[in-house]
Ligand SMILES: [Zn+2]
């Protein structure tokens, strides 16, 4: 994939390297809170330190940056044109780590909701918070193992866990 990010966008992405309390993450928290869910944040004891944990529902939520977590098929998941090799390796490692964390969580009986950052683009149906609440609640209550929400679609599958890093 080519590097098509504008410089401002790139620096915004880079700023998320320690990504805590990011805008999409806060949007997800607000939506879950408004839907009546109670949760804990950044639980260190669980694999991958999930952003949001709903103990009552045995559900963890990751709000993934599309760049850092190499969102498949997403145009925000670019490889920078400088230091390309370094980035390829770095992002591949992230992907492997995500997969291992995901597998460990599923083995331990957790349901995983992955919300990709691109879900909140203005033209996305999930940028409508009511719609997001509805979809997220549906998963939390009837949870499959892993559910992903993104700009492009939503998928209920174990694809992420079984996928080998590229
Ligand atoms: Zn994405």
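The values are calculated or read from the model by the stated rules, or taken from the named source; none is laboratory data. Quick caveat, the model's predicted, so the values are computed rather than measured. Neighbour counts run over all protein chains shown; Cβ positions are idealised from the backbone, glycine included.
Listing for the model above:
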| read-out | value |
| --- | --- |
| Selection status of residue 70, within 16 Å of the ligand (Cβ to nearest atom), at positive phi and surrounded by 17 or more Cβ atoms within 10 Å (Cβ to Cβ) | yes |
| Number of the exception - residue 93 against (1) surrounded by 14 or more Cβ atoms within 10 Å (Cβ to Cβ); (2) modelled with pLDDT of 95 or more | (1) |
| Condition met for residue 115 (within 14 Å of the ligand (Cβ to nearest atom) and either without any contact (Cβ under 8 Å) to a residue 12 or more places away in the chain or crowded, with 16+ Cβ neighbours inside 10 Å (or both)) | yes |
| Residue identified as surrounded by fewer than 18 Cβ atoms within 10 Å (Cβ to Cβ), part of a loop (DSSP other than H, G, I, E, B) and at pLDDT below 95 among 76, 3 | 3 |
| Residue that is farthest from residue 78 (Cα to Cα), among those in region 20-30 that are in contact with a helix residue (DSSP H, G or I) (Cβ under 8 Å, 6 or more places away or on another chain) and at pLDDT below 90 | 27 |
| Criterion: at positive phi and over 16 Å from the mean Cα position of the chain (by Cα) - qualifying residue of 109, 143 | 109 |
| Enumeration of residues in region 135-166 that are more than 13 Å from the ligand (Cβ to nearest atom), outside any loop (DSSP other than H, G, I, E, B), modelled with pLDDT under 80 and surrounded by fewer than 17 Cβ atoms within 10 Å (Cβ to Cβ) | 156, 159, 162 |
| Residue identified as under 13 Å from the mean Cα position of the chain (by Cα), crowded, with 19+ Cβ neighbours inside 10 Å, part of a strand (DSSP E or B) and on the phi < 0 side of the Ramachandran plot among 28, 53, 60 | 60 |
| Search result, residues across region 76-112 that are more than 22 Å from residue 61 (Cβ to Cβ), within 16 Å of the ligand (Cβ to nearest atom) and touching a helix residue (DSSP H, G or I) at 6+ places or on another chain (Cβ under 6 Å) | 79 |
